[in-house]
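Here is the structure we will look at.
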Amino acid sequence: MNKRRILALVVFPVLLAAVPAFGQQNNAPAGSIINHYAARNFIAGSIPKADMDQILQAGIRAPSAGNRQPWFFTVVQNQDLAKRIVRDNVDGNVLIVISASGDGKTNGGAILDCALAAENIYLAAQALGYGSRIYTGPMDALNRDLKTELSLPSGHSAVVLVRVGRVQPGVDAVSAASSRKAPDSLVRYK
Ligand SMILES: Cc1cc2nc3c(=O)[nH]c(=O)nc-3n(C[C@H](O)[C@H](O)[C@H](O)COP(=O)(O)O)c2cc1C
């Protein structure tokens, strides 16, 4: 093998590793913050309690204004109940309903705090290899019809829920995520 060939064999892979991926960055470690996507390809299968504990711990560890931690987490594992909240819920999916004191819409900063807890749960689930998706669509019906059945704490309304479940292997952010606006239309340095 001549010198030029050897050089190409050594240098080319190094250059490849250094060039950032185009579009979605699929070179980030699996489950990283760059690879997340809102799952829609849930498959049946349960989630071990140890994983649920870690996922919930991520929500509990979320930052909140003044560290007031206004949230409560109701974990819906009962499939009949889960299907009444998210119609296409797949067996084994768990719905984590995050509630706070108030009507779920106008309780000021608590909404933002609950949103951060939801994002932590969403990302933790994906870091553990599960699919997750955030929902606010079912909140009105849930707060109207299911508060008592869910035993939400007194005076609480649901703000957001995160669905967690097993997903089809091999689906990643590149094949599953929707596109995002171009960074230069969203970011300005001053
Ligand atoms: C606050 C919030 C509310 C959402 N509510 C719903 C919902 O009610 N139903 C639903 O199917 N997806 C819901 N989503 C998921 C979004 O549609 C999804 O995150 C977005 O389309 C980006 O998807 P991608 O990450 O797969 O590209 C919600 C997401 C957020 C952040």
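The values are calculated or read from the model by the stated rules, or taken from the named source; none is laboratory data. Everything quoted here is computed from the prediction, not taken from an experiment. Cβ: placed from backbone, ideal geometry, glycine included. Neighbour counts: every protein chain shown.
Taking A125 and the conditions (1) part of a helix (DSSP H, G or I); (2) surrounded by fewer than 24 Cβ atoms within 10 Å (Cβ to Cβ), which numbered condition does it fall short on, given that it satisfies the others?
Condition not satisfied by A125: (2).
Here are some conditions: (1) away from the ligand (no atom under 11 Å from the Cβ); (2) within 19 Å of M52 (Cβ to Cβ); (3) among the small types (G, A, S). S185 meets all but one. Which one does it not meet?
Against the list (1) away from the ligand (no atom under 11 Å from the Cβ); (2) within 19 Å of M52 (Cβ to Cβ); (3) among the small types (G, A, S), S185 comes up short only on (2).
Here are some residues: A125, A141, A118. Which one is within 13 Å of H36 (Cα to Cα) and within 14 Å of the ligand (Cβ to nearest atom)?
A125
Filtering the stretch 76-123 down to residues that are within 15 Å of L161 (Cβ to Cβ) and of a type in the set (G, A, S), which residue is modelled with the lowest pLDDT?
Among residues in the stretch 76-123 that are within 15 Å of L161 (Cβ to Cβ) and of a type in the set (G, A, S), the one modelled with the lowest pLDDT is G104.
Report, by residue number, each residue of the stretch 128-138 that is away from the ligand (no atom under 11 Å from the Cβ) and among the small types (G, A, S).
Correct list: G129 only.
Take the residues in the stretch 153-169 that are away from the ligand (no atom under 16 Å from the Cβ) and within 28 Å of A127 (Cα to Cα), then tell me which one is modelled with the lowest pLDDT.
Per the stated criteria, the residue is P169.
Considering only the stretch 33-53, how many residues are surrounded by fewer than 14 Cβ atoms within 10 Å (Cβ to Cβ) and away from the ligand (no atom under 16 Å from the Cβ)?
Summing the residues that are surrounded by fewer than 14 Cβ atoms within 10 Å (Cβ to Cβ) and away from the ligand (no atom under 16 Å from the Cβ) in the stretch 33-53 gives 6.
Look through the stretch 102-112, keep the residues that are in contact (Cβ under 8 Å) with a residue 40 or more places away in the chain and over 9 Å from V159 (Cβ atoms), and return whichever of them is nearest to the ligand (Cβ to nearest atom).
Out of the qualifying residues, it is L112.
Report yes if some residue within the stretch 85-101 is near the ligand (Cβ under 10 Å from one of its atoms), under 16 Å from A39 (Cα atoms), assigned to a loop (DSSP other than H, G, I, E, B) and in contact (Cβ under 8 Å) with a residue 60 or more places away in the chain; otherwise report no.
Yes: the stretch 85-101 contains one or more residues that are near the ligand (Cβ under 10 Å from one of its atoms), under 16 Å from A39 (Cα atoms), assigned to a loop (DSSP other than H, G, I, E, B) and in contact (Cβ under 8 Å) with a residue 60 or more places away in the chain.
Residue by residue through the stretch 77-98, note down the ones that are farther than 13 Å from P138 by Cβ and of a type in the set (S, T, N, Q).
Of everything in the stretch 77-98, those that are farther than 13 Å from P138 by Cβ and of a type in the set (S, T, N, Q) turn out to be Q77, N78, Q79, N93.
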